[in-house]
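The values are calculated or read from the model by the stated rules, or taken from the named source; none is laboratory data. If you're wondering where the values come from, they're calculated on a predicted model, not measured in any experiment. Reconstructed Cβ throughout: ideal geometry from the backbone, glycine too, with neighbour counts over all protein chains shown.
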């Protein structure tokens, strides 16, 4: 049997969360809160710019406003997750840990979907750009 399971770093409460896990939560939480605030501030600035953009291009401005709202929501999710981690480390309430994990899951889901969308748009832009260059060059590129 491994004697290291009973040292101070591996002791856990009834939830099975070890001291090392709590130390990781404690160290990660401030960075999550910082990034959450940063996302919210940048999303707010982007919202102001988007509102002004509506005057020039209503559709573009509204799309931009939707993305800024998503950015603010993502900031809220990661900030709330960091706050819940801090709270859990202090009180070991499993409902708080569940909330942190739920918010983090939603953050990663949105991040993954947005990444996939950006990849598809980038590939489409490269194909479109390549075809435009081919047409502007007189169609001399091999087909």
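Quick look at the numbers
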| read-out | value |
| --- | --- |
| Failed item, numbered, when residue 83 is tested on (1) modelled with pLDDT under 90; (2) under 30 Å from residue 18 (Cα atoms) | (1) |
| Residue that is exposed (fewer than 15 other Cβ atoms within 10 Å of the Cβ) and at pLDDT 95 or above, where the choices are 69, 29 | 69 |
| Residue within the range 57-68 that is in a helix (DSSP H, G or I), in contact with a helix residue (DSSP H, G or I) (Cβ under 7 Å, 6 or more places away or on another chain) and closer than 28 Å to residue 27 by Cα present | no |
| Residue check for residue 90: closer than 22 Å to residue 34 by Cβ, over 22 Å from the mean Cα position of the chain (by Cα) and in a helix (DSSP H, G or I) | yes |
| Condition met for residue 101 (within 28 Å of residue 44 (Cβ to Cβ) and in contact with a helix residue (DSSP H, G or I) (Cβ under 9 Å, 6 or more places away or on another chain)) | yes |
| Scan of the range 32-46 for residues that are touching a helix residue (DSSP H, G or I) at 6+ places or on another chain (Cβ under 6 Å), surrounded by fewer than 18 Cβ atoms within 10 Å (Cβ to Cβ) and either under 14 Å from residue 85 (Cα atoms) or modelled with pLDDT under 95 (or both), ordered by number | none |
| Evaluation of residue 81 against (1) buried (at least 19 other Cβ atoms within 10 Å of the Cβ); (2) out of contact with any helix residue (DSSP H, G or I) (no Cβ under 6 Å at 6 or more places or on another chain) (one fails), failing number | (2) |
